[in-house]
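Beneath this line is the structure, given in structure tokens, with notes to follow.
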Amino acid sequence: MLVVLNNKCNLDYEEFINYNQELNSISTNIKLVLCPSMLYVSLFKSDKIILGSQKVDIFDMGAYTGCVNAKQLKSLGVKYSLVGHSEVRKYKNITRDEINKKIKKLLEEGITPIYCIGETQEERNNNTYKELLKEDILESLKDLTNEEKKKVIVAYEPVWSIGTGNIPKCYEINEVVGIIKEELPNNRILYGGSVNEENINFFNTNCNLDGYLLGGVSLKINKLQKLLNILEK
Ligand code: 13P
């Protein structure tokens, strides 16, 4: 079981220092990864929580203003990185080809990519989501060897569920897990989208998942502790 905390673009400096302290007081045996705001990657201190990144760019060292590369992340102890999150796809317009390049750069540095996919409400309504998810997987992971592919963690995050409080039915999650497994039978699969301490039991008892990618609840330590307690039962 893997639980990944995505702080997104939240917390100012002081808030982050307090958050870091509180997070270290969490008691759990579940493997936790924190993806803080990029500004705080080098500030985060913990001997039990693993460091993750919310972003990586496709470039190596050089004249690429504003970019962050996989070598730099590795040098700070980053072990996991999100790639292709729907908010990045939406606000930065990244292409599948760029996602593919980012995944390769991460793998070259020994960082585990957490590759995010998920359909919009419109794609679900018009029933194009299955084909689109499949295409996304094929293009985003193209030219990877089987060994490399296996290292990628897939996070299924339906866009319509992120931050909305709307969660999929169990059969909807299992259907998408099945689509992912057709292409990537041996990969770990996480779910993300409005997961909280109140609904975690539903996901955990009904769905075939290897872990969770948490947004909003990652910022609320009491709720996060409750969620982890339920997962550990
Ligand atoms: P929420 O848990 O806030 O819906 O966010 C999910 C997410 O986007 C995690 O990457």
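The values are calculated or read from the model by the stated rules, or taken from the named source; none is laboratory data. Given the structure is predicted, the values throughout are model-derived calculations rather than measurements. As a convention, Cβ positions derive from the backbone with ideal geometry for all residues, glycine included, and neighbour counts pool all protein chains shown. Side chains included, ligands, DNA and RNA excluded: accessible areas come from the protein's heavy atoms. Shrake-Rupley method; radii C 1.70, N 1.55, O 1.52, S 1.80 Å.
Excluding ligands, DNA and RNA, the accessible surface per residue across the stretch 171-233 is 45 Å² with a 1.4 Å probe. In a reduced charge model with +1 at each Lys and Arg Cβ and -1 at each Asp and Glu Cβ, the chain shows a dipole moment near 420 debye about its Cα centre.
Calculated on C-alpha atoms, the gyration radius of the stretch 1-53 divided by its Kirkwood radius gives an Rg/Rh of 0.93. Charge dipole (Cα centre; +1 on Lys/Arg Cβ, -1 on Asp/Glu Cβ; no other charges) of the stretch 1-128 amounts to roughly 360 debye.
Note on Glu182 and Glu232: with the Förster distance fixed at 30 Å, the Cβ-Cβ geometry gives a FRET efficiency of about 0.45.
Relative protection proxy for 50-60, 23-33, from highest mean packing down: 50-60, 23-33 (other beta-carbon atoms within 10 angstrom). Label-to-label distance for Asp60 and Tyr91 is 3.1 nm, based on points extended 7 Å past Cα in the beta-carbon direction.
Dividing the convex hull volume of the alpha carbon atoms of the chain by its residue count gives 123 Å³ per residue. Backbone phi angles across the stretch 53-65, fed through the Karplus curve with coefficients 6.51, -1.76 and 1.60 (θ = phi - 60°), yield HN-Hα couplings of 10, 8, 8, 8, 9, 7, 8, 8, 4, x, 7, 10, 3 Hz in residue order; Gly and Pro are listed as x. The alpha-carbon of Lys8 sits under 17 angstrom from the alpha-carbons of these lysines, leaving out residues fewer than 8 places away in its chain: Lys55, Lys90, Lys92, Lys220.
Quote the FRET efficiency, to the nearest 0.05, computed for Glu22 versus Tyr171 with a Förster distance R0 of 35 Å and r equal to the Cβ-Cβ distance.
My answer for the efficiency is 0.40.
Over all orientations, the stretch 102-233 has a Cα convex hull whose mean projected area works out to 8.4 square nanometres. Three principal axis extents of the stretch 118-188 based on alpha-carbon atoms, in descending order, are 36, 20, 20 Å.
Summary of the geometry: the stretch 84-141 and the stretch 144-219, compared by the centres of their Cα atoms, lie 14 Å apart.
Using a simple spin-label model with points 7 Å from Cα along the Cα→Cβ vector, what separation in nm is obtained for Asn208 and Lys45? Rounded to a tenth, the inter-label distance reads 4.5 nm.
Peptides 72-83, 173-184 ordered by packing proxy, namely the average of other Cβ atoms within 10 Å per residue, highest first: 72-83, 173-184. All Cα-Cα distances of the stretch 56-176, cut into 10 Å bins from zero to the largest, leave 13, 42, 31, 13, 1 percent in each bin in turn.
Within 12 Å, Cβ to Cβ, of Tyr19, how many net charges do the neighbouring residues add up to if Lys/Arg are +1 and Asp/Glu are -1? Its environment carries a net charge of -2. The Cα-based radius of gyration of the stretch 1-89, divided by its Kirkwood radius, gives an Rg/Rh of 0.97.
Rounded to a whole number, what % of the accessible area of the chain do carbon and sulfur atoms account for, probe 1.4 Å? On the chain, the fraction of accessible area on carbon and sulfur atoms equals 47 percent. Dividing the helix sum by the residues of the chain, where each DSSP H run of 4 or more adds -39500 (n - 2.57), gives a mean residue ellipticity at 222 nm of -11500 deg cm²/dmol.
Placing unit charges on the Cβ atoms only, positive for Lys and Arg and negative for Asp and Glu, gives the stretch 104-166 a dipole magnitude near 180 debye about its Cα centre. Cross-link reach is defined here as a Cα-Cα straight distance under 20 Å, omitting same-chain residues fewer than 8 places apart; for Lys151 the aspartates and glutamates meeting it are Asp57, Asp97, Glu98, Glu108, Glu109, Glu135, Asp136, Glu139, Asp143, Glu182, Glu183, Asp210.
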